[in-house]
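Everything on this sheet refers to the single structure shown next.
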Amino acid sequence: MPEKTFPKEIECQIAKLLIRFREKKGISQEYLGTQLGMNQSSIAKIEGGRRKLTLTEFLIICNVLDVDFQEIANELEKIYQITKSKSFWTDV
């Protein structure tokens, strides 16, 4: 079964939220990448919308940033309501 990813519209909003939380915590892209087994440029690509973020990576990032998944889920729900004509999940 392929790993699930987010549609582009949702992915962009997730990236903005993750940048905000990462910067608020004072965590660098390099440190975050290390925690995910990636380099800094991979994190920059995720944050810039040039690389898809898997659900597994998203959950690890939430854990590293000590962000409550429910807080992000609430923000995503607002976004989803705007884009609900599209499927929330897409296959890689």
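Every read-out reported here was derived from the displayed coordinates using simple, explicitly stated rules and does not represent laboratory data. Predicted, not measured: the structure shown is a model, and the values here were computed from it. FYI the Cβ positions are ideal-geometry reconstructions off the backbone, even for glycines, and counts take in every protein chain you see.
Here the Karplus curve 6.51 cos²θ - 1.76 cosθ + 1.60, taken at θ = phi - 60°, turns the phi angles of the range 50-57 into couplings of 9, 9, 5, 9, 7, 4, 4, 4 Hz, with x standing for Gly and Pro. For the cross-link pairs Lys16/Lys78; Lys4/Lys25; Lys24/Lys78, the ones whose C-alpha atoms lie over 18 Å apart are Lys4/Lys25; Lys24/Lys78.
In percent, rounded to a whole number, the relative contact order of the range 4-91 is 46, using alpha-carbon pairs under 8 Å and six or more apart. Modelled spin labels at Glu77 and Arg20, positioned 7 Å past Cα toward Cβ, are 1.6 nm from each other. Using R0 = 25 Å, the C-beta based FRET efficiency linking Glu30 and Thr54 works out to 0.80.
Backbone amide hydrogens, once placed in the peptide plane, bring Lys4 within less than 5 Å of Leu55, excluding anything fewer than 5 places away on its chain.
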